[in-house]
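Here the structure is laid out as C-alpha cells; the discussion comes afterwards.
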Amino acid sequence: MAMVDTPLYPIAVLIDELKNEDIQLRLNSIRRLSTIARALGEERTRKELIPFLVENNDDDDEVLLAMAEELGVFVPYIGGVEHANVLLQPLETLCTVEETVVRDKSVESLCRIGAQMREQDLVEYFIPLVKRLAAGEWFTARVSACGLFHIAYPTASEVIKTELRTVYGQLCQDDMPMVRRSAATNLGKFAATVEAAHLKTDIMSVFEELTQDDQDSVRLLAVEGCAALGKLLEPQDCVAHILPVIVNFSQDKSWRVRYMVANQLYELCEAVGPDPTRSELVPAYVRLLRDNEAEVRIAAAGKVTKFSHILNPELAIQHILPCVKELSTDSSQHVRSALASVIMGMAPVLGKDATIEQLLPIFLSLLKDEFPDVRLNIISKLDQVNQVIGIDLLSQSLLPAIVELAEDRHWRVRLAIIEYVPLLASQLGVGFFDDKLGALCMQWLKDKVYSIRDAAANNVKRLAEEFGPDWAMQHIIPQVLDMINDPHYLYRMTILHAISLLAPVLGSEITSSKLLPLVINASKDRVPNIKFNVAKVLQSLIPIVDASVVENTIRPCLVELGEDADVDVRFYASQALQSCDLLKMSS
C-alpha cells in the first residue's frame, strides 16, 4: 500500500502548503513546482497539478508572481510542446490580476510558451486566448492582451490577421489610458510581424491616433514607437509619416514628451537618414537644447556628441556649438554635468582648429565649475581632447587647471585626477612630467582620504611601469625613504602598500637593496597595524627576491614578528612563514 501512496505524497504536501496561512510556506511550495512535477510525472502534472493551480485562487501577489515565473519554464514537465496549451489557462487567469508585476511576468511567460508552440496549437488555443483577453471586461486583461499580439499574428490565417489588426486598433482607442499605454508600448513589436502593405495603412493610422492622444503618458510611449516603426519603413515613408510626428513632438506641450524625444532623437535620426536630419531635425534638436525645462535640456545635452557625429563639422559649428556655449553656463548644475560627460567627444568631430578656438574655452570653464560632478565628468574624458589638439597645447591650456584640481576640496575630483595621471604621463613624457606633476604624485600619498592614498600608491606603481626602474630609483625611492618615517602611522602604512606594489616592477635587485631594508626597519614599529602589514608585505616579496635573501633576511624578521604580543601580527607572520616554507620545499 505504501508503494501505491508514495507518488501521492508530494502533491499532498503541495496542497497542504498552498493552503497554509504562512506566505513563506506557500512561496516555497510554488518555487518547488518543477520538483513536484518531476515526482508526479508528465501525465499527472497535466491532469492534477495544473487544474489544481487553476483553481487555486491565492490572493498574495508574491505567490502569484512566483507561479507566473515557474509556469513560463514548465513545458518540459508536462510532456513537451505538444501539450503546451495546458499551461495557457492558469497564465490567462494571472494576466487579469490587478498587480502589474504579476501581469507582466504572466505575459512574458505566455510569450515564451507561445514561441515554442506548434502552429496548429497557436491557431487553436493561443489566438482565442488573445481575443478573450482583448475583449476582457476588466482593463487588466486588455492591457495584458497588447503584449501577446506579436506571438499570435504570424501564424494566423488572412481573415484572423485582419481581425487581429482591427482588435489592436480598438485597443489603441480604448477608454482606459492604461490600455492605450500598453498598446503604444507594444506597437513596435506587433508592427515588426505585420506585412509591409498593412504596415503603411493599418499600423500607421493606429500610430497617428496614439501620437494625438490627450494623455501625455500615451504620447511619450508613441515617441518610442517612432524609432521602432522608422526601422521598419522605407526611408521615403519614414520621412513622410515619422518625421512630421517627431518635429511636432519636439514642440509638445508636455515636457515629458519633449524629454522622450530628446532621449530618442539619435535613434530617430538613424531611421530618417542624414538629409532629413540636417534639414528638419537639427532645428528640432536646437529647440530641445534651449528648452525651458531643465530635464529636457539634460537629455538633449547628453546627446550632443552623438548628434554632432551625424552632421558635418560646419553644421555642428553653426547650429550646435552656440547651444553648447549656452549650456556650459546653464543655471542647472545637472545640465552642465550632462554636457561635461559628453562634450569631449565633440573634439574629433570639429577638428583641431575649431576645438582650439571654440571648445577649449568651454572645457576650461567647466573644469572650474563650482559643482564637483561637472569637473569630474570633464576630467574623466580628457584623453579624447589630447588626441585632437596635441600635447603641447594641452600642457599650456589645460594643465594649470589640472594641477589646481589635484588639490580640489572634493576627494572624488582628486581621485579622478590621480586615475588620469598615468595617461597624462605617457603623453607628456618624462621630462615634462617631472617638472609639473612629479611632486603632486608623492603629495597624494599623504592625503587625508584613504581612497586617495590607495589610488596614489597604485599611481606610483603605474608611473614606475611607464618610465622604468631607473626613473623610479631617482624620483620615487628617495621620497619613499623619507616618508616611511612619517609620524602618522596611516601614512607609514600607505608607504608599505606602495612598496608591495613597486617591488614587482623594480625587480629583485632594487627590492633587496633598497625596499627590503625599509620593510625590515618598519617591523620594529610600535603600532601593531604597521607590524602585521609588514608581515603581509614580506609575504608578497618572497617570490620576488632570491631564496638566500628570504632565508637570511625575511625569515628571521617573520620569526620575531611571530612572537609579537599582538594576535593579528602573530597570525600574519605565521601565514608569511608558511609561504617561506613552501618556497623552500619547492626549491
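A few points about this structure:
- Sites matching trypsin sites (Lys or Arg not before Pro) across segment 184-269 that sit in DSSP coil, with at most 13 neighbouring C-beta atoms within 10 Å: 253
- The relative contact order of the chain, computed from alpha carbon pairs under 8 Å that lie at least 6 residues apart in sequence, is 5 percent.
- Prolate/oblate/rounded label for segment 71-190 (Cα gyration tensor, a/c 1.5): oblate
- Residue 118/residue 275 FRET efficiency (R0 51 Å; Cβ-Cβ; nearest 0.05): 0.65
- Approximate spin-label separation residue 357-residue 162, in nm, with each point projected 7 Å along Cα-to-Cβ: 6.4 nm
- Solvent-accessible area, 1.4 Å probe, carbon plus sulfur percent, for segment 12-146: 47 percent
- For segment 247-253, 3J(HN,Hα) per residue [Karplus equation, 6.51 cos²θ - 1.76 cosθ + 1.60, θ = phi - 60°, Hz, x = Gly/Pro]: 4, 5, 4, 5, 10, 4, 6
- Share of Cα-Cα pairs in the chain lying beyond 36 Å, as whole percent: 61 percent
- Annotation: lysines with alpha-carbon distance below 27 angstrom to residue 105 (same-chain offsets under eight excluded): 19, 47, 131, 161, 189.
- On the principal axes of its alpha carbon atoms, segment 541-587 extends 32, 16, 14 Å, with the longest extent given first.
- Computed about the Cα centre, the dipole magnitude for segment 534-587 is approximately 180 debye when only Lys and Arg (+1) and Asp and Glu (-1) carry charge, each at its Cβ.
- All distinct Cα pairs of segment 489-587 go into the 1/r average, and the inverse of that average, the Kirkwood radius, is 13.1 Å.
- Segment residue 509-residue 314, length gained on full extension (0.36 nm per residue, minus Cα span): 64.4 nm
- Accessible heavy-atom area order of 201, 305, highest first, probe of 1.4 Å: 201, 305
- Segment 279-356: GluC sites (Glu not before Pro) in DSSP loop, at most 11 other beta carbons within 10 Å: none
- Kirkwood radius and radius of gyration were both taken over the C-alpha atoms of segment 439-539, and their ratio Rg/Rh is 0.93.
- The trypsin sites (Lys or Arg not before Pro) of segment 497-587 that meet both conditions, a loop assignment by DSSP and at most 14 other Cβ atoms within 10 Å of the site Cβ, are 524, 526.
- Solvent-accessible heavy-atom area per residue, rounded to whole Å², over the chain at 1.4 Å: 45 Å²
- Cα-based reach from residue 200 at 19 Å (exclusive), listing aspartates and glutamates while leaving out same-chain residues under 8 positions away: 158, 163, 208, 209, 224, 234, 237
- Debye equation applied to the C-alpha atoms of segment 213-331, log10 I(q)/I(0) at 0.12, 0.22 Å⁻¹: -0.39, -1.25
- Pairs from 514/536; 253/303; 231/303; 325/352; 448/531; 352/461 whose Cα-Cα separation, in the structure shown, is over 27 Å: 352/461
- Chain lengthening between residue 449 and residue 98 when straightened (0.36 nm per residue, less Cα-Cα): 121.3 nm
- To the nearest 10, the accessible area of residue 505 is 40 Å² with a 1.4 Å probe.
- To put it simply, the accessible area of segment 442-539 at a 1.4 Å probe is 50 percent carbon and sulfur.
- Carbon + sulfur, % of accessible area of segment 222-329 - ligands and nucleic acids excluded, 1.4 Å: 50 percent
- Expected 222 nm ellipticity per residue - DSSP helices of 4 or more, -39500 (n - 2.57), all of the chain, to 500: -19500 deg cm²/dmol
The values are calculated or read from the model by the stated rules, or taken from the named source; none is laboratory data. Not measured: the values here are computed from a predicted model. Here Cβ is always computed from backbone atoms with ideal geometry, including for glycine, and neighbour counts include all displayed protein chains. Side chains are part of the model used for accessible areas, which takes the heavy atoms of the whole protein and leaves out ligands, DNA and RNA. Shrake-Rupley method; radii C 1.70, N 1.55, O 1.52, S 1.80 Å.
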